[in-house]
Each structure stands twice: as C-alpha cells, then as structure tokens.
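Enquirer: Once you've had a glance at the structure underneath, I'll fire off some questions.
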Amino acid sequence: MDDEETRAPGSVDIEIFGRTYRVRGRDDGGYLQQVADLVDRKMREVAERSASTDPGRLAILAALNIADELLQSQNRQEGERVEIRERVTALTGQLTAVLES
C-alpha cells in the first residue's frame, strides 16, 4: 500500500522547516501548500535573525510575525474603508447639491 492509499481523504502532506506534517483541508492541497510555504519561509527568516535553534520557539516567533503582518493589513484595510465611506459621503453630498440646484 502506498502513501496515497493510507492517507485520509482530504489530507495532504506538507513540509515546514524540514518536517513533514499530514493535514486535512477542503482543497487538493495547493492552497495548504501555499500556507505551509508561507509558514516555512517565515520560520526560516526568523531562524536567520535568532540565536535560538529550538523549532518550537522559532514557530512561535514566526506566528507572532505573521499575526503582526495580518493585523497591520487589517488596520490598513479598515483605514481605507473609512476613507472610502468619507469620500462616498462627500460625493453624495455634492451630487445631491448639483441635482437640487
């Protein structure tokens, strides 16, 4: 029996920081591999800047970096949404004024 036959339906093997993990997902593994590649890349970046070689510690530091990037992105998007709402309100006001004159 090969690996494909022993693997649970919907599961895929991914590699992060030199270790293979079997995870389940709803797709063919392409998206999960992208996610794993991001985590692997971030762990390697952290490892280059850190004195620690403990994979658990590096994983936590990588997770913190990824969470920071996510929160910064969400904050930027919220700021953009506020700016768009303000512009829409201003343009609506201008349009209303033109139509009423």
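Enquirer: Local charge sum around residue 69 (other residues, Cβ-Cβ under 13 Å, Lys/Arg +1, Asp/Glu -1)?
Expert: +1
Enquirer: What distance in nm separates the two pseudo spin-label positions at residue 81 and residue 44, each 7 Å out from Cα along the beta-carbon direction?
Expert: Result: 3.5 nm between the two label points.
Enquirer: Can you sort 98, 82 by 1.4 Å-probe accessible area, starting with the largest?
Expert: Order by accessible area, largest first: 98, 82.
Enquirer: Which one of 31, 18, 52 is farthest out on the positive end of the charge dipole of the chain, using unit charges on Cβ (Lys, Arg +1; Asp, Glu -1) and the Cα centre as origin?
Expert: Value computed over the given set: 52.
Enquirer: Suppose the chain between residue 99 and residue 22 were pulled fully straight at 0.36 nm per residue; how much longer would it get relative to their current alpha carbon spacing?
Expert: 21.5 nm
Enquirer: Expressed as a fraction of 2.2 N^0.38 Å, the rule-of-thumb size for a compact globular protein of N residues, what is the C-alpha radius of gyration of the chain?
Expert: Relative to the rule-of-thumb radius for its length, the chain sits at 1.80.
Enquirer: Pick from 39, 88, 23: which residue has the top mean-square fluctuation in a GNM of the chain where Cα pairs under 10 Å get a spring?
Expert: It is 88.
Enquirer: Here's a follow-up. Just to confirm the number: angle between the C-alpha axis of helix 55-100 and the first principal axis of the chain, 0 to 90 degrees, nearest 10?
Expert: 20
Enquirer: State to the nearest 20 debye the size of the charge dipole of the chain about its Cα centre, where the only charges are +1 on K and R beta carbons and -1 on D and E beta carbons.
Expert: That gives the chain a dipole magnitude of about 340 debye.
Enquirer: Please state the charge dipole magnitude for region 61-101, taken about the Cα centre, from unit charges on C-beta atoms (+1 on K and R, -1 on D and E), reported in debye and rounded to the nearest 20.
Expert: 80
Enquirer: What is the angle, in °, between the Cα long axis of helix 30-49 and the longest principal axis of the Cα atoms in the chain? Nearest 10 is fine, range 0 to 90.
Expert: 80
Enquirer: Work out, step by step, the length gained on full extension between residue 72 and residue 35: first 0.36 nm times the residue separation, then minus their alpha carbon distance; give nm to one decimal.
Expert: Extra length from residue 72 to residue 35 when fully extended: 11.5 nm.
The values are calculated or read from the model by the stated rules, or taken from the named source; none is laboratory data. This one's a predicted model, so the numbers in the text were calculated from it and none came from an experiment. With ideal geometry, Cβ positions are generated from the backbone for all residues, glycine too; neighbour counts draw on all protein chains shown. Areas reflect the complete protein model, heavy atoms only, side chains present, ligands, DNA and RNA absent. Shrake-Rupley method; radii C 1.70, N 1.55, O 1.52, S 1.80 Å.
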